[in-house]
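The values are calculated or read from the model by the stated rules, or taken from the named source; none is laboratory data. What you see is a predicted model, and the numbers here were worked out from it, not measured in a lab. Don't worry about glycine lacking a Cβ; one is built from the backbone with ideal geometry, like all the others, and counts go over all protein chains shown. Side chains included, ligands, DNA and RNA excluded: accessible areas come from the protein's heavy atoms. Shrake-Rupley method; radii C 1.70, N 1.55, O 1.52, S 1.80 Å.
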Amino acid sequence: MMPKANPARLAELAAVIKRDSANLKALLEAGHLYLAEQKLEEAAQVTIKALSLDPESAEGHAHVAVLLM
């Protein structure tokens, strides 16, 4: 189930990621929210960054699957 779009939360996450670009949790949550907003380029960017930090992240791989649909 995809999360609902939440622009306010996405703005918060963008600020967190700007301060700490290695924050895996924030990257993955941002990926969810970008997908919910159909912002596929942004979703791909944060997902690729998340997978570079944790190549075994099931959540990151799930994002890739959704992006490929």
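So for segment 37-47 (the condition being at pLDDT below 95 and open to solvent by less than 50 Å² (accessible area, probe 1.4 Å)), does at least one residue qualify? Checking segment 37-47: at least one residue is at pLDDT below 95 and open to solvent by less than 50 Å² (accessible area, probe 1.4 Å).
Taking segment 48-60 as the range and being under 11 Å from the mean Cα position of the chain (by Cα), open to solvent by 50 Å² or more (accessible area, probe 1.4 Å), more than 14 Å from Pro3 (Cβ to Cβ) and not basic (Lys, Arg) as the test, only Ile48 passes. Only residues that are at pLDDT below 95 and small (Gly, Ala, Ser) were counted across segment 15-36, and they come to 1. Among the residues of segment 1-20, the ones that are surrounded by fewer than 17 Cβ atoms within 10 Å (Cβ to Cβ) and either touching a Pro at 6+ places or on another chain (Cβ under 8 Å) or under 20 Å from His61 (Cβ atoms) (or both) come to 3 in all.
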